[in-house]
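Before any comments, here is the structure.
The values are calculated or read from the model by the stated rules, or taken from the named source; none is laboratory data. Note that the coordinates shown come from a computational prediction; the quantities given were computed from them, not determined experimentally. Counting neighbours? That spans all protein chains shown, and the Cβs are built from the backbone with ideal geometry, glycine included.
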Amino acid sequence: MSSLVRNARVVRALGMRSIRQTFRRPQLIAPIIVFPTLLLAIQTGGAAAAVELPGFPPVQSFLQFMLAGAMMQSLMLAGNSGGIALAVDIEMGFTDRLFSAPIPRFAIVLGRLAGTAALGLFGALWFLAIGLIFGATIESGVPGALLAIVLVTAAAMAVGGIGAAIALRTGSASVVQGLFPLVLVVLFLSSAFFPQELMIEPAKTIAEYNPLSLVVEGIREPMISGIDAADTLYAVLAILGIVALGLVLSARALRHRLRVG
Amino acid sequence: MEATVAIPPWRANLATVGALMVRAKNELVRVPGAAIPGVLAPTIFFLGLNGVFGALTQLNGFSTGTYESFIVPVSMLQGAGFTGAAAGVNLARDIEQGWLDRLLVSPAPRWVLLAGTVLAASARSLIPATFVFAIALALGAGWPGFDGLLITFVMVAAMAAVAACWGSFLALRFKSQSAAPLMQAGMMALILTTTAYAPLALLQGWLQDIARVNPVTEVVEAARQGFVGSVTWAGTWPGLLALAGLLAVLGALALREMRRQGR
């Protein structure tokens with residue numbers, strides 16, 4: 001068996017373990033699905049009249065506009081949950097056993113990220129289904145839906161890389177869990193929940209420079225208007241930037257973990 | 001032989017409630033970091049919602065020009081919800097670690113054990129409420145007047161008691177900290193399916209229907225009145241009545257579960 005196939009099997013096994021772990025623990029699945037769904041429902045119902053504001057982009061409904069925000073929230077929290085689960089593995093000694101196994105170190109992190117990506121995919125499908133059930137249309141049809149799904153899955157993996165790096169560096173589930181509010185801050189300071197032009201300062205200016213705004217616009221555009229090459233490119237570049245950051249931080253944290261044990 | 005003086009039961013019960021409240025306070029003093037999420041979460045929601053949805057006040061139907069004034073009582077109540085839910089999580093931890101079992105074999109009545117948890121949460125909820133209120137004032141929220149502020153804080157403390165009853169009910173039922181998301185999501189849903197984000201007329205049909213029957217809508221409106229207008233008895237009593245009803249129902253459920261423990 002070639003080493004590539006062997007490594008792929010390790011990544012798949014660890015990825016499947018990560019998914020099963022999430023679905024077995026309500027405290028891990030709740031932030032990914034329950035809270036974003038609850039907030040989506042409440043914000044859609046509570047701020048639905050916002051579409052009448054001058055300057056609001058033309059949309060079929062506020063739900064259609066908010067779907068990308070809910071997906072973004074879900075994928076960010078999936079990344080955070082993945083980090084928490086990895087930190088729990090470190091605390092309980094499971095990662096040490098993996099380190100002593102004859103598998104490449106990167107496969108351990110990649111396995112966790114594969115699980116996070118799968119949860120991102122699940123979140124994307126979940127919110128697309130919710131949107132369609134409650135009457136939202138995807139303006140660019142199936143290709144647009146597929147593009148949104150791919151971007152959400154890739155972004156989940158990218159954000160998961162940062163969660164994994166923090167887990168490897170600190171080895172503490174409570175520290176990674178403590179980042180939960182930070183995730184919300186970063187989300188509120190992007191255009192995830194409202195058009196950036198209509199936000200209040202200083203949130204408006206921060207959202208303009210927040211790379212998550214680029215990702216969320218890339219996911220949103222196919223849903224509310226059509227596939228836009230520039231928006232898609234910016235989203236991909238932003239995701240690649242987050243991936244690069246996650247890779248650098250993870251590699252450093254992994255070296256640190258192996259040094260301190 | 002020295003005669004022993006029997007302590008009246010009411011004094012013993014009061015002392016037990018006080019001891020449980022002091023224990024909750026000690027947790028806060030000894031691990032100050034534990035209070036941070038409870039304070040941080042409503043503050044983030046306040047700042048985030050204000051930054052994101054602030055332009056909503058341009059719509060016809062808002063009785064105030066500043067969204068800070070409109071949303072701050074909701075964030076204070078959210079803080080109460082988080083604090084109450086945290087009391088449930090702490091009780092679940094006490095159950096997992098066997099601490100509650102030791103309390104159960106003490107001569108203290110079950111309702112006293114529950115009252116200690118609930119009243120401690122009620123007192124603790126004043127910390128995030130004060131923090132959020134101070135930030136809101138700094139950002140330009142209107143001064144609600146002393147009467148308006150007092151009513152808001154009464155609503156917050158009572159809402160935390162409601163949330164603590166809900167959290168305790170679930171903790172005693174599931175005996176696991178895994179029930180934490182249910183405790184938090186339940187309170188979030190209860191507080192936010194009201195006129196939290198916008199006045200009733202501007203809500204979508206389905207949320208309008210829920211908000212009309214959700215008793216917490218009256219609590220939100222009572223807590224908000226000083227921030228967006230004047231304080232009246234007519235605007236206050238429905239909130240007090242709603243809280244009394246919620247406390248009666250959720251308190252009874254929690255007490256029933258507490259009485260079932262160890263049987």
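A compact table of results
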item: Sole exception among (1) over 30 Å from A:A167 (Cα atoms); (2) buried (at least 16 other Cβ atoms within 10 Å of the Cβ) for A:T205, by number; result: (2)
item: So B:M183, is it closer than 24 Å to A:I33 by Cβ, within 14 Å of chain A (Cβ to nearest Cβ) and touching a Leu at 6+ places or on another chain (Cβ under 9 Å); result: yes
item: Filter result for A:G55 (on the phi > 0 side of the Ramachandran plot and within 11 Å of chain B (Cβ to nearest Cβ)); result: yes
item: Selection count, the stretch A:211-235, where residues are in a helix (DSSP H, G or I) and surrounded by fewer than 17 Cβ atoms within 10 Å (Cβ to Cβ); result: 3
item: Test: residue in the stretch B:5-21 that is aromatic (F, W, Y) and within 14 Å of chain A (Cβ to nearest Cβ); result: no
item: Subset tally (residues that are within 17 Å of B:L170 (Cβ to Cβ) and hydrophobic (A, V, I, L, M, F, W, C)) for the stretch B:86-119; result: 10
item: From the options A:L168, A:L189, A:L182, A:L147, residue that is surrounded by 19 or more Cβ atoms within 10 Å (Cβ to Cβ), within 12 Å of chain B (Cβ to nearest Cβ) and more than 13 Å from the chain's Cα centre (by Cα); result: A:L189
item: Residue satisfying all of: in the stretch B:56-65; of a type outside the set (S, T, Y) and surrounded by fewer than 21 Cβ atoms within 10 Å (Cβ to Cβ); farthest from the other protein chains (Cβ to nearest Cβ) among these; result: B:G65
item: A:A68 being modelled with pLDDT of 85 or more, surrounded by fewer than 20 Cβ atoms within 10 Å (Cβ to Cβ) and aliphatic (A, V, I, L, M); result: no
item: Breaking point among (1) out of contact with any Pro (no Cβ under 8 Å at 6 or more places or on another chain); (2) more than 29 Å from A:P202 (Cβ to Cβ); (3) modelled with pLDDT under 90, for B:L182; result: (1)
item: Of all residues in the stretch B:229-243 being hydrophobic (A, V, I, L, M, F, W, C) and assigned to a helix (DSSP H, G or I), the one that is nearest to B:R212 (Cα to Cα); result: B:A242
item: Conditions (1) within 19 Å of A:M223 (Cα to Cα); (2) aromatic (F, W, Y); (3) more than 14 Å from chain B (Cβ to nearest Cβ): number failed by A:F94; result: (1)
item: Every pair of residues 6+ apart whose Cβ atoms lie under 9 Å, when the first sits in the stretch B:192-219 and is more than 7 Å from chain A (Cβ to nearest Cβ) while the second is surrounded by fewer than 24 Cβ atoms within 10 Å (Cβ to Cβ) and basic (K, R); result: B:L200/B:R212
item: Qualifying residue in the stretch A:46-63 (condition: under 27 Å from A:L168 (Cα atoms), of a type outside the set (S, T, N, Q) and in contact (Cβ under 8 Å) with a residue 24 or more places away in the chain); result: no
